[in-house]
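Accompanying notes for the structure given below.
The values are calculated or read from the model by the stated rules, or taken from the named source; none is laboratory data. As the structure is a computational prediction, the values presented were derived from the model and not from experiment. All Cβ positions, glycine included, derive from the backbone under ideal geometry; neighbour counts span all protein chains shown.
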C-alpha cells in the first residue's frame, strides 16, 4: 500500500468515526428534546397522577418515577417548550442549552437561532465567559488577544470563539 493510499484509508476511517460522533450528538439532542416533550405534557395534563395512586405531587413523582430532581424535570420541559421547534433543525450540542436558557427567554425565534448558531462554535467555557460579560459580572477569564483580521462581524473571534462586546 502506498503512502497516499494509506493516508486516504486513514482519512476515510477518521471520517467514519467522526460520523459516529456527530450521530451521537444528534441522537442525544433528540433524546433530550423527547424527554422534555414528555415531561411538558405529563405536567401540563397532570398525567403523573395517573401512574399509581399515591403520587401526591409532581415533585414526588419526578423524584420517584424518573429519579431526577423537579428542577431537572422543569428544565427539560422548558427547553422543549421554548426551543424544541428550533433545536430539531439546528446541529447543536444539547449540553450548552441549559447555560443559554435564561438568556434566550426574552428573545424572538430569529435571535434565539442566531445565538444558538454562534454558541455551537464555542466551548462551554467560552459560553460561560461570554454570558458573564453580557451580564456585566466582570471580565471573562479568556480575553481575546487575536488580531483584528480574526474578528468576525458577529462579532466573535474566529480563532478562539470569544464573543466581543
Select from segment 44-67 the residues that are exposed (fewer than 15 other Cβ atoms within 10 Å of the Cβ) and assigned to a loop (DSSP other than H, G, I, E, B) and list them in ascending order.
45, 46, 51, 52, 53, 54, 56, 57, 67
Taking into account only those residues within segment 79-119 that are closer than 17 Å to residue 29 by Cα and loosely packed, with under 14 Cβ neighbours inside 10 Å, which is modelled with the lowest pLDDT?
91
Farther than 28 Å from residue 84 by Cα, at pLDDT below 75 and touching a helix residue (DSSP H, G or I) at 6+ places or on another chain (Cβ under 9 Å): is that true of residue 161 in this structure?
no
Please verify whether segment 28-35 includes one or more residues that are modelled with pLDDT of 95 or more, assigned to a helix (DSSP H, G or I), in contact with a helix residue (DSSP H, G or I) (Cβ under 7 Å, 6 or more places away or on another chain) and surrounded by 10 or more Cβ atoms within 10 Å (Cβ to Cβ).
yes
